[in-house]
Structures are given as structure tokens and as C-alpha cells.
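The values are calculated or read from the model by the stated rules, or taken from the named source; none is laboratory data. Being a predicted model, the structure only gives us computed values, none of them experimental. Cβ: placed from backbone, ideal geometry, glycine included. Neighbour counts: every protein chain shown.
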Amino acid sequence: MKARPVVLIAAALVLLGGSLGYVLHARQRNGGQRLVAAESSFTLDEPGLYYRDTASGRVARSPGVPDGPSCVRFHAGGDRALCLRALPGTPARTQAVVYDRRFTELQTVTVPGIPNRARVSASGQLLSWTTFAVGDSYAAGTFSTRTSILDLRTGYLVKSVESIPLTVDGARHHAADVNYWGVNFASDDNRFYATVSTGGRTHLVEGDLRAWSARTLRENVECPSLSPDGTRIAFKKKVSADPAAPWRLHVLELAGLREHPLAESRSVDDQAAWLDGETLGYALPAQDGKGTDVWSVPADGSGTPHLLVPGGSSPVTVPAASK
Amino acid sequence: MMYLATTGRRPDAPPRPAGQGRRVPGTVIALGAVSLVTDVSSEMVTAVLPLYLVLGLGLSPLQFGFLDGLFNGATAVVRLLGGRLADRGGGRHRTVAGAGYLLSALSRLGLLLAGGAAGGIAAALAADRLGKGVRTAPRDAMISLSAPPEALGRAFGVHRAMDTTGALLGPLVAFAVLWATTDAYDAVFVVSFAIGLFGVLVLVLFVPAGAVPGAGTAGAAVAAAESTSTGRRRSRALGDPVFRRVVTAAALLGAATIGDSFLYLLLQRGLDLPPLLFPLLPLGAAAGYLLLAVPAGRVADRTGRRIPFLCGHAALLAAYLTLMAPPGWPAAVLVLVLLAVFYAATDGVLMALAGPVLPLDGRASGLAVLQTGQALARLVGAAGFGAAWTWWGPRPALAVAALGLAAALVAAWRILPEREAS
């Protein structure tokens, strides 16, 4: 009877020692800086394919060493780049960092959730990001997304697009479960496309920033990506109930709303990027199960997928500076 | 360690005559300590799991949602099974509960060993849920068997307060580990495993095994309560008309609750609360629950559990009505306080209400039936409110929910037995 406290204290010491040892070991192993800034030589001046390098967690220009900033998601347009970082600790928080061409930090916004999607308009004036928020065990067990839009012309930040008046199939829609993700801007720096989900369905939604309204165009469209000429939208379409492989990349012609599947038959969970007017880039889980590779496929449904960057994600084509 | 110091002394203290104990029985404190330690362990993992799966492993949100929702339905069935197993063979409560705690602790090792394999992670999460489902009813049965019937409210209050303390501490511990290791999720799993194992050890060392845990202190009282219910021995719990009325009332009221997440969402919208502060809402309610659980239990012991249980739901009704008033900080604080009152006056109190109604050898399975019925009813209530919100908008939905809860309250007033230990 008297031995019980002794046994308990001894066990506590052993478990505490073991835990502490493991924590110190992990600290040693993970040592070094987590968030690194870009090297001074790394700029957007050189045109080409930029992406996030999985091994270093930094942005790179292909081909080359990853000298860019540490990001979980990356995108660039015009004179601006957008980098999403995960802040350490819980609950999950995301830092959206806006850079200029030389990767000088212009603005930093912290939002709750895990980094998910990042987009910059072709002009570099509009930025949007989506984080994926998880209710803690007191609140809901389900996930939700939070999408923000930042207008650099006015400095105005829309913290959550959810407040936009939404019209679904012609009728004004109110629901608690409305979630937006994967915003993509048109070249007029006013219209945008995104996914809206409500009542268990996803829709392609067209939004108008000035009028501050949005309407759904079509069902079963996720992560839209507008072609550089503004006539087509690449998106992932849910084609299977199998949770391991639910999506297939499609392209939708905005005039006439006709769609066709792409030659990529594997399930892609990414917001595809137009590498040029005819080619799409996207990330797929790597063969070894660690990280992702960047692949490309023709936008017209022909051809075959082509491995572009092993160990990469967030592909984006940076054109030559138009100055 | 404070709790452990107390528990270390308690079992050695001379047995007190039943009914006079001004102190909470040692077994209840020990079970509270087990729950506290276990909740630290499990809330650590809950807090980091989404980060680990999505950032660490690169799983998509959809896959995460799938993994997360996969076993929620199965918990209800497992809980019923846990109750049955504990009752069979005359009180294997500690063994069944201990197996549940151990399984959950071991599941952290499973997370560690699974690496990035989705199948392994799913199996580890399943093991955790299985353990949680199995242990709940035997644990509550042990609490109800350890304290004299007239002090059950306070006993459950103490247990729930300790349980909530652990739930509040868990994310802090996880944060500390992530901060110290620059986001080594595996270190969180290892520490969680060690803490979980410690919880099992506290259970084994300080919670007495046997048909009637804590027989020395409360055996006489329990036996006295039992003598009135010998006619119901070995009968199926739901066959008892008094217990059936308790379950019916709890399920009716459960179906009229809208779910906390909706409450918090309404609060956040009303206040236009910065999203980074959103986690403070459930934290505030949990802190209030922690403070009020013991006083509410004491009141329940004095007045009988029926009144506080109904008043708790009246507090929830008041919270709905407050949400319909013009928003503002005073209203928000009032809603959180009312929510805390609701939990303090209903959660442990319901167990204290139902416990004495059930026969000794059917207590765990009876409590499991009650908890499962209430949980399923709440699920239906939350789903219904979500649908009402979509169709009519938040305010009309809230009005309907308030009407529904008022009706359920009137019904429960009539259905609930006047004297619990009839």
C-alpha cells in the first residue's frame, strides 16, 4: 500500500525523462532556422518556371538551387509574389507575405488555419489566399476554409470572402456552411473565379469585387484556374466517390460552358497553373510518398502527362518583365 | 502533481461512514486524476493532428475530413459494448476502462510508427476512438458506485472539473513541445504517449478493482440503494420504466440543442470577432464549466438532480434568447456564462440522476445507453439546426430552436421522475 506513491513517482520520473530526452533529440534534429528569407540574388527578374522545393521548403527557379524564401505555398504575378507560411505551434496560423520583385517584404497578414491556396493577379495588384481551418475538439469536428482577398491598389483587405452576397442558381443564398476556396483573378482586376461549397455541393462562382456580389455558374468545379487569354478555366472535377482518388483535371470553355477531361488520369488535388496558353502545371504526390512532384499536361485534352520538377509544388510561370 | 499527492493519501484513510463524508471519495479523485492526465494526452494530439496530417504529411483537407469523420459513428456502438463488458461477470469496470485508456495511449505509438501511411494513421485513430468509447461508461459507473447516492452530484462535478482542466492544459502542452522542437510532431506523439501511460498507471495504482469499487466507504449506501432495486437486477436497463423516462427526457432535450459550433459561429458573427480570437469562445465556456461543475453538483445533491438538470437547459434556452438580442460584448459574455451553467448543471448531474436508478450490475451498460441516446439526439439536433439555417436563415432557425427547447423542457418537466432513487 505504502509503495504505491513511490511506484507512481518512479514511473513519473522515467516517463518524464524519456519524454524530455525525445524532445531534446527532436530539437537537435530539427535544429536550424525554419523560416529563411530569400538570398539577395534571388529575384523575379529572370523569366521562367518558379516553384516550391519540397526538400528545403524554399522557393526555387527551374533549373537552379532553391534560394527563395521559405514558403508552404507560392505564387507570383506582375511585380508581386505571395508566400504562405505556417506559423509554429497550435492552433494553426498562416502568415501571408507579400513580396516585391526583389523579395523585400511589403506586407504580412496573419490569419487562422493551415496554408492551402495562393494566387496573385497577372497585374500583381490583387492577391488571394485560402487557409484550411479545423475546429478544435470543443467546436466542430469538421473543416472549413477561409479565403481572403487583398487589394494592393487600395490596401483594402477582405478577411473572409464569405460575407459576399451569393446567388446560387439565380436565387439569393444564405447558409452557415458556405465555404470559398481557390480564388483566381481575371485580367480586368475586378472579376474573380473561385469554388464555393454549400449543402455538400461545390460550384464554380464568378465574383465581382466592385459590385461585391457573386453568382454560381456551374456545379462540381473546384480550384478554378483562368487561362491567360481569359477564355478557359482549368479545374478539378469530382468524378469518383473513392476518397483516395476523387478528382480529375478538366478544362471548361467559358463561352458555351463546354468541358473536356485532360490526359492526366491520376487524381489531382491542386489548383492547376497555366504554364503558358496551352499547358497546365500541377503537383501530384511523389512516388516515395514524401512530398510532391510538379507535372504538366496539355490543356486541350491531348498528349500525356510529363514530369516537370521532381520534389516540387506551387508551379508558376513568371514572364519577362514588361518594362 | 497536486492531485496525485492527495490521491496517494486517500485510499489509506480510514473508511468514513456513508453519507457523512464531507470529502469526495478517493476513488473519484483518482478517476478525476486519470481523466485529467488522459485528457492532456488526447487533447495534445487533437490540437496538432490537422497540422501534422495536412502540413507534415501533405494530406488534402478532404482526406483529413474523411479520416476524422471515419470512426465517429462507430464510437456509439463501442460505448454500448464497453458498458456491457464492464457489467458482465460482476464489475470488471476497472479492467474495461483500463483497457480503453491503454488502447488510446498505445494509439499514439501507432501514429508515430505509421509514418506517412494513411492506412496506419487511420488504424491509430480508430484505436484511439475505440479506447475512448469503451472506457466512458465503466468510468462513470465507477464514480456512481464509489460515492454515496446523496453525494453523487458533487462527485461527478469534481470529476468533470478535473477532466476539463486536462482538456484545457493539453493544447498548451502541445504548443510547448512544438515550440521547443520547431514543429516536431513526432515529439508531441511521444510525450502524449508517456502522459497517457502515466494515466493508466494512476488508474491501476489508485482505483480499487472489484465488484463495488470503494466498497469500504460507500458500500453500505450503495447496498441500501440496491435493496430497493433488487427486483430490477439483471434486467435490461431500458426495461426499467423510471430509467426509460430519464433517457427519454435526456434525448428530447438533446434533440433541441443546436450544437456548440453554431452557437460560437453566431457569437462570432454578432461581434465581428477577429478570427484569431475565435478559439477564445470555447475556451471561455470551458473555463466557466470548470469553475461551476462542483458548485452545480453540490446544489444538485441538496435539491435533487431533476431541478438543476432542467434549470441547466433553461440556461441554454436563455442563451438562445440572448443570441437573438442585439449583439455586443455583454451579451456575448452572458451567452458563455449561460453555456457554462448549462454544461455544469446537466453533464455530470445527468449521470448522478441516472446512476442510483440503475441496478449495480447494470449500471455501466445503463449509463452507456443514456450517453449514447443523448449523443445521437444531439447529433440530430445539430443537423436539424444546420438545415433550418440553410432554409430560413440564422434568426428564424434560432427562434425555432428556442421554441423546440422550450417545448422539450415542458415535456421533460413532466417525464422526469420526481424522485430519482424510486
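Taking the criterion of being buried (at least 19 other Cβ atoms within 10 Å of the Cβ), more than 20 Å from residue A:58 (Cβ to Cβ) and within 14 Å of another protein chain (Cβ to nearest Cβ), would at least one residue in region A:301-320 satisfy it? Taking every residue of region A:301-320 in turn, none turns out to be buried (at least 19 other Cβ atoms within 10 Å of the Cβ), more than 20 Å from residue A:58 (Cβ to Cβ) and within 14 Å of another protein chain (Cβ to nearest Cβ).
Mind listing whichever residues of region B:185-220 are at pLDDT below 85 and either facing chain A (nearest Cβ under 9 Å) or surrounded by fewer than 21 Cβ atoms within 10 Å (Cβ to Cβ) (or both)? I'd like the intermediate steps shown before the answer.
Within region B:185-220, the first condition is being at pLDDT below 85, and the residues that meet it are B:209-220.
Hits for region B:185-220 are B:209, B:210, B:211, B:212, B:215, B:216, B:219, B:220.
Run down A:187, A:148, A:163, A:213 and say which single residue is in contact (Cβ under 8 Å) with a residue 60 or more places away in the chain and among the hydroxyl-bearing types (Ser, Thr, Tyr). None of the other options fit; the residue is A:187.
A quick yes/no check of all residues on (1) farther than 15 Å from residue A:269 by Cα; (2) surrounded by 14 or more Cβ atoms within 10 Å (Cβ to Cβ); (3) not hydrophobic (A, V, I, L, M, F, W, C):
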site: A:152; (1), (2), (3): yes, yes, no
site: A:169; (1), (2), (3): yes, no, yes
site: A:210; (1), (2), (3): yes, no, yes
site: A:224; (1), (2), (3): no, yes, yes
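When you look at residue B:140, is it modelled with pLDDT of 90 or more, closer than 25 Å to residue B:25 by Cα and among the acidic types (Asp, Glu), yes or no? Steps first, please.
Details: modelled with pLDDT of 90 or more: yes; closer than 25 Å to residue B:25 by Cα: yes; among the acidic types (Asp, Glu): yes.
It is true that residue B:140 is modelled with pLDDT of 90 or more, closer than 25 Å to residue B:25 by Cα and among the acidic types (Asp, Glu).
Within region A:174-191, being crowded, with 19+ Cβ neighbours inside 10 Å and outside any loop (DSSP other than H, G, I, E, B) holds for A:179, A:180, A:181, A:182, A:183, A:184, A:185. Is region B:87-98 home to any residue that is without any contact (Cβ under 8 Å) to a residue 12 or more places away in the chain, farther than 24 Å from residue B:201 by Cβ and within 14 Å of chain A (Cβ to nearest Cβ)? No: region B:87-98 contains no residue that is without any contact (Cβ under 8 Å) to a residue 12 or more places away in the chain, farther than 24 Å from residue B:201 by Cβ and within 14 Å of chain A (Cβ to nearest Cβ).
Checking A:134, A:168 one by one, the residue that is within 14 Å of chain B (Cβ to nearest Cβ), at pLDDT 90 or above and either more than 19 Å from the chain's Cα centre (by Cα) or within 21 Å of residue B:386 (Cα to Cα) (or both) is A:168 and no other.
Might you check whether a residue that is part of a helix (DSSP H, G or I), of a type in the set (Asp, Glu) and surrounded by 24 or more Cβ atoms within 10 Å (Cβ to Cβ) occurs anywhere in region B:141-158? Quick ask: steps written out before the conclusion?
Restricting attention to region B:141-158, the residues satisfying the condition of being part of a helix (DSSP H, G or I) are B:141-146, B:149-158.
Still in the running and of a type in the set (Asp, Glu): B:150.
Remaining after also requiring surrounded by 24 or more Cβ atoms within 10 Å (Cβ to Cβ): none.
No: region B:141-158 contains no residue that is part of a helix (DSSP H, G or I), of a type in the set (Asp, Glu) and surrounded by 24 or more Cβ atoms within 10 Å (Cβ to Cβ).
Each row is one residue, and each column tells you yes or no for (1) surrounded by fewer than 20 Cβ atoms within 10 Å (Cβ to Cβ); (2) at pLDDT 75 or above.
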| residue | (1), (2) |
| --- | --- |
| B:224 | yes, no |
| B:231 | yes, no |
| B:238 | yes, no |
| B:248 | yes, yes |
| B:269 | yes, yes |
| B:288 | no, yes |
| B:300 | no, yes |
| B:317 | no, yes |
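Of all the numbered requirements in (1) touching a residue at least 24 places away in the same chain (Cβ under 8 Å); (2) among the small types (Gly, Ala, Ser); (3) buried (at least 20 other Cβ atoms within 10 Å of the Cβ), residue A:277 misses one, and that requirement is (3). Over 30 Å from residue B:352 (Cβ atoms), within 13 Å of another protein chain (Cβ to nearest Cβ) and touching a Leu at 6+ places or on another chain (Cβ under 9 Å): does that describe residue B:166? Spelling it out, it is not the case that residue B:166 is over 30 Å from residue B:352 (Cβ atoms), within 13 Å of another protein chain (Cβ to nearest Cβ) and touching a Leu at 6+ places or on another chain (Cβ under 9 Å). Quickly run through region B:381-410 and pick out the residues that are surrounded by fewer than 20 Cβ atoms within 10 Å (Cβ to Cβ) and free of Cβ contacts under 8 Å to residues at least 60 places away in the same chain. Answer for region B:381-410, where residues must be surrounded by fewer than 20 Cβ atoms within 10 Å (Cβ to Cβ) and free of Cβ contacts under 8 Å to residues at least 60 places away in the same chain: B:383, B:387, B:390, B:391, B:392, B:393, B:396, B:400, B:403, B:410.
Matching residues to (1) away from every other protein chain (no Cβ under 12 Å); (2) touching a residue at least 60 places away in the same chain (Cβ under 8 Å); (3) surrounded by fewer than 23 Cβ atoms within 10 Å (Cβ to Cβ):
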{"site": "A:6", "(1), (2), (3)": "no, no, yes"}
{"site": "A:14", "(1), (2), (3)": "no, no, yes"}
{"site": "A:45", "(1), (2), (3)": "yes, yes, yes"}
{"site": "A:74", "(1), (2), (3)": "yes, yes, no"}
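Check region B:50-62 and report whether any residue there is of a type in the set (Gly, Ala, Ser) and modelled with pLDDT of 75 or more. Within region B:50-62 (the criterion being of a type in the set (Gly, Ala, Ser) and modelled with pLDDT of 75 or more), the answer is no, since none of the residues qualifies. Here residue A:55 does not fit the description of being away from chain B (no Cβ under 14 Å), outside any strand (DSSP E or B) and in contact (Cβ under 8 Å) with a residue 60 or more places away in the chain.
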